[in-house]
Amino acid sequence: MASIVKRKKKFSVVYTYIDENGNKRQRWETFETNAEAKKRKAQVEFEQENGTFIIPTAKTVNDLLDEYVSIYGVNTWALSTYESRQSILSNYVRPIIGDMKLEDVTPRVMDKYYRDLLKVKAVSSQYVKARTEYVTPRTVKEVHRVLRNAFNQAVKWELIARNPVEHATLPKAEYKEREIWTAETLMKALDLCDDEILKLAINLAFSCSLRMGELLGLTWDCVDISSESIEQGRASIFVEKELQRVNRSTMEALNEKDIMFKFPSVFASGHTALILKTPKTKTSVRKVFLPKTVAEMLIARKAAIEELKELFGDEFYDYDLVFCSTNGRPLEGQIINRGFNKLIEENGLPKVVFHSLRHSSITYKLKLNGGDMKAVQGDSGHAQVKMVADVYSHIIDDDRRLNAERLEEAFYSGNKEKEQVTPTEPETPPQSDQELLLSLLQKPGVAELLKTLAKTL
């Protein structure tokens, strides 16, 4: 039997085992949360009862990673996290330092390893082509994050005395601000878009700050577009799941954790499956209010689907999805991305990725509500307000700069002796971003979406 002991703010799983020499020993494994500790306790007890328990005894980096994934990763990672970190380990860690003994891993070794990584060819994933020829400092940072955590576990398992990764020097990564569309460009794109499904996707992503998976996983039972709700300004969507394609091996490794529904595979021999899963974090589960214009678009979409049901009859696969093909099967992100990129190329619009609409949404909501990050966090589903502040602080900085200018005009300049000079022609001061946005809102028919969006905040 294992037990859980709370030490300060952490939780330790304590259990006994028989070592290779037949001696009875005790081991403490420490976790950040009680939930993680409970999972490990249950795993230890189950494996001990079934005679499958193996005490962590890693000698090499590969040994450690095997135990790290099977003990820690399986219990704590979500499906997408599991796949991305397994990819990082198999592409950039195991082939390079996997055979290295744990005692040979030092901060100096890690410094050199991170520098050398920048000369390694970037590997394309199963779904996404590598955007650069070589590994970027940003990818090195992701490698560091995984290894730091793995070696922390090694310390907890008493395999090593201290973490050699903790204080390694990382190559500097320059943060590149994501390009987004202005309100004018967004309205132009919507005017030019003749694909009703894509137009709805753009409007929902922008007005509700949705991620692609959340958008495509939206079902009608989570949409409130009744006449009463629209009239009272309470029309809304409830984000509680997301669409994702995952490897079947990942689902098996995680015992189908977080999976709410598996769509039947079109091809029996497929290595992947399309699923509906629980969202990224607990805060990702949220209610987002709809602008009236977007609510009415959803009404039209629902009517169109009902027509498709009548047309296809029994051949229509009714999964209750808002975004589906003509026969009811789910739409994947690549379909939306392909249509979005085509819209940009054919009309000479500024090149952005579809996810940028979420960033545009958060940017303009911050401008419209005067920088209320808590309200925006409720819509965006960020785990912490700090995450909003870290990414979008420049928006607030603009408003703070304007505050300084207004204070100068209202207080300091008013107390200075002014010369009585009759000006010839007053100069028109340049408009700030906020003033430009307000001028847009005053133009009838140009930014109706933004007007209704502001009312829902």
Subject >> the stretch 267-281 - residue that is surrounded by fewer than 15 Cβ atoms within 10 Å (Cβ to Cβ) and touching a residue at least 24 places away in the same chain (Cβ under 8 Å) and, of those, farthest from L216 (Cα to Cα) >> reply: H271
Original post:
When the stretch 156-173 is examined, which residues are found to be of a type in the set (A, V, I, L, M, F, W, C) and within 18 Å of T76 (Cα to Cα)?
Top reply: W157
Subject >> Extreme residue, nearest to R27 (Cα to Cα), among residues of the stretch 123-171 that are loosely packed, with under 15 Cβ neighbours inside 10 Å, hydroxyl-bearing (S, T, Y) and modelled with pLDDT of 90 or more >> reply: T169
Original post:
What are the residues in the stretch 253-279 that are in contact with a Phe, Trp or Tyr (Cβ under 9 Å, 6 or more places away or on another chain), closer than 19 Å to G333 by Cβ and of a type in the set (G, A, S), if any?
Top reply: A273
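Please indicate, with yes or no, whether at least one residue in the stretch 326-333 is part of a helix (DSSP H, G or I) and exposed (fewer than 15 other Cβ atoms within 10 Å of the Cβ). Outline the logic, then answer.
Narrowing the stretch 326-333 to residues part of a helix (DSSP H, G or I): 333.
After this cut, where a residue has to be exposed (fewer than 15 other Cβ atoms within 10 Å of the Cβ) as well, the list is none.
There is no residue in the stretch 326-333 that is part of a helix (DSSP H, G or I) and exposed (fewer than 15 other Cβ atoms within 10 Å of the Cβ).
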Original post:
What is the residue count in the stretch 203-234 for residues that are in a strand (DSSP E or B) and under 19 Å from E332 (Cα atoms)?
Top reply: 1
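Picking from F340, F312, which residue would you name as being of a type outside the set (S, T, N, Q), surrounded by 15 or more Cβ atoms within 10 Å (Cβ to Cβ) and assigned to a helix (DSSP H, G or I)? Lay out the reasoning, then the answer.
Values: F312 fails: surrounded by 15 or more Cβ atoms within 10 Å (Cβ to Cβ).
Going through F340, F312 in turn, just one is of a type outside the set (S, T, N, Q), surrounded by 15 or more Cβ atoms within 10 Å (Cβ to Cβ) and assigned to a helix (DSSP H, G or I): F340.
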Original post:
Do we have any residue at all in the stretch 75-86 that's over 25 Å from the mean Cα position of the chain (by Cα) and under 26 Å from F11 (Cβ atoms)?
Top reply: no
**OP:** Take the stretch 1-54 and flag every residue that is at pLDDT below 85, of a type in the set (V, I, T) and in contact with a Lys or Arg (Cβ under 7 Å, 6 or more places away or on another chain).
**Re:** I18, T30
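The values are calculated or read from the model by the stated rules, or taken from the named source; none is laboratory data. Quick caveat, the model's predicted, so the values are computed rather than measured. Every residue, glycine among them, receives a Cβ derived from its backbone with ideal geometry; neighbour counts consider all protein chains shown.
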